[in-house]
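*Asks:* My questions all concern the structure below.
The values are calculated or read from the model by the stated rules, or taken from the named source; none is laboratory data. As the structure is a prediction and not an experimental result, all values here were calculated from the model. Note that we place each Cβ from the backbone using ideal geometry, even for glycine, and neighbour counts take in every protein chain shown.
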Amino acid sequence: MIHIPKDHPRYQSLVTRERIVDGVESGITSVTGLIAQGRGEAFDYLIGECTTPSARAAERIAAAMLLLARTPVISVNGNAAALVPGELVELSILLDAPLEVNLFYRTEERVLKIIEHLKAHGARHVLGADPDASIPGLSSERGRVCSEGIYSADVVFVPLEDGDRCEALVAMGKLIIAVDLNPLSRTARCATVPVIDNITRALPNIIDSVRELKGQPEVYLQEIVEGYNNKKGLDAALETICNNLMEHSRSQ
Ligand code: PTJ
């Protein structure tokens with residue numbers, strides 16, 4: 001990784017960018033992952049590169065939903081593996097939920113590299129090498145899943161991805177928590193709980209909330225989850241973007 005001075009005004013953004021570049025170079029992230037990162041950066045810029053209050057609320061709700069789940073699964077793609085491997089493993093251990101590698105641009109080599117990468121960060125058991133089930137109605141490689149993982153999960157945690165699978169998983173009756181900086185994306189629109197935040201901020205926040213809520217009675221967690229409204233969360237993100245744009249325009 002190149003040296004980025006800590007006092008650079010865009011330090012965090014540049015470090016994140018470098019992690020994706022490293023992921024591509026080590027064969028974990030697809031080349032297309034660079035484009036996805038660029039799109040994410042643009043939305044993050046508009047959101048203000050911080051966790052908004054409504055995103056933080058969604059993160060706490062996501063934590064409660066994961067704690068209530070009977071068979072939660074954390075889906076991992078090449079971008080998430082490059083950006084937050086340690087946090088994905090930490091969440092998986094805290095929830096006792098399996099990680100499952102599930103790729104859009106699937107190659108066996110990349111699946112195995114991501115599994116090794118997660119294990120190097122402390123993961124015990126990672127699914128995804130031998131998918132034996134299919135998500136109905138999904139013809140892409142993402143449709144190939146493990147019967148003991150995503151296929152039978154009641155709640156799936158889906159960090160940044162294309163929209164088709166989210167729709168197909170919801171159609172299977174699953175609850176989907178999606179992290180996506182784009183409030184207009186199909187993934188965000190169809191997820192049960194869209195978290196409009198950068199995965200690099202969202203995961204540590206969700207982990208904090210899981211720690212805070214773990215051990216709380218089910219009724220308490222249910223109250224948190226029931227208070228959520230998908231549309232309100234998306235509208236709040238769009239409002240933040242509009243306000244930020246207006247502010248920029250006024251300050252010209
Ligand atoms: O590793 P693979 O083969 O599974 O491929 C992964 C990517 C991400 C390349 C693939 O799923 C893809 O092409 O996704 P899209 O359609 O580009 O969508 C990615 C979404 O994630 C976009 O809406 C971006 O705005 C959003 N995004 C990008 N970076 C981040 C992000 N959201 C949160 N945090 C980020 N760091």
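*Asks:* For the structure I just gave you, tell me whether Y45 is free of Cβ contacts under 8 Å to residues at least 60 places away in the same chain and aromatic (F, W, Y). Give the derivation first.
*Replies:* Numbers: free of Cβ contacts under 8 Å to residues at least 60 places away in the same chain: yes; aromatic (F, W, Y): yes.
The answer is yes for Y45.
*Asks:* For T16, work out the one condition from (1) near the ligand (Cβ under 8 Å from one of its atoms); (2) over 17 Å from the mean Cα position of the chain (by Cα); (3) among the hydroxyl-bearing types (S, T, Y) it doesn't fulfil.
*Replies:* (2)
*Asks:* While we're looking at this one, here's another question. When only residues in segment 49-59 that are of a type in the set (A, V, I, L, M) and buried (at least 24 other Cβ atoms within 10 Å of the Cβ) count, which is nearest to P217 (Cα to Cα)?
*Replies:* Taking segment 49-59 first, the residues of a type in the set (A, V, I, L, M) are 55, 57-58.
If we keep only those that are buried (at least 24 other Cβ atoms within 10 Å of the Cβ) as well, we get 55, 58.
Values: A55: 24, A58: 19 Å.
Across segment 49-59, the extreme among qualifying residues is A58.
*Asks:* Quick one: which of E87, E59, E49 is acidic (D, E) and under 21 Å from S26 (Cβ atoms)?
*Replies:* Among E87, E59, E49, only E87 is acidic (D, E) and under 21 Å from S26 (Cβ atoms).
*Asks:* Can you tell me which residues in segment 184-197 are more than 8 Å from the ligand (Cβ to nearest atom), surrounded by 24 or more Cβ atoms within 10 Å (Cβ to Cβ) and part of a loop (DSSP other than H, G, I, E, B)?
*Replies:* A191, I196
*Asks:* Inspect all residues belonging to segment 60-71 and state whether any of them is of a type in the set (S, T, Y) and within 13 Å of the ligand (Cβ to nearest atom).
*Replies:* Looking for residues that are of a type in the set (S, T, Y) and within 13 Å of the ligand (Cβ to nearest atom), one finds none in segment 60-71, hence no.
*Asks:* Please state which of the following conditions A120 fails to meet, knowing it meets all the rest: (1) out of contact with any strand residue (DSSP E or B) (no Cβ under 9 Å at 6 or more places or on another chain); (2) within 14 Å of the ligand (Cβ to nearest atom); (3) not hydroxyl-bearing (S, T, Y).
*Replies:* (2)
*Asks:* Let me ask you something else. I need the full set of residues from segment 227-242 which are at pLDDT below 95 and more than 20 Å from the chain's Cα centre (by Cα), in order please.
*Replies:* If the condition is that a residue be at pLDDT below 95 and more than 20 Å from the chain's Cα centre (by Cα), then G227 is the only one that fits.
*Asks:* Would you mind finding the one in L103, L91 that is within 10 Å of the ligand (Cβ to nearest atom) and within 18 Å of I177 (Cα to Cα)?
*Replies:* Among L103, L91, only L103 is within 10 Å of the ligand (Cβ to nearest atom) and within 18 Å of I177 (Cα to Cα).
*Asks:* Would segment 31-38 turn up any residue that is part of a loop (DSSP other than H, G, I, E, B), surrounded by 14 or more Cβ atoms within 10 Å (Cβ to Cβ) and touching a residue at least 40 places away in the same chain (Cβ under 8 Å)?
*Replies:* No: segment 31-38 contains no residue that is part of a loop (DSSP other than H, G, I, E, B), surrounded by 14 or more Cβ atoms within 10 Å (Cβ to Cβ) and touching a residue at least 40 places away in the same chain (Cβ under 8 Å).
*Asks:* Tally the residues that are in contact (Cβ under 8 Å) with a residue 40 or more places away in the chain, more than 16 Å from the ligand (Cβ to nearest atom) and either out of contact with any strand residue (DSSP E or B) (no Cβ under 7 Å at 6 or more places or on another chain) or of a type in the set (K, R) (or both), restricting the search to segment 149-183.
*Replies:* 1
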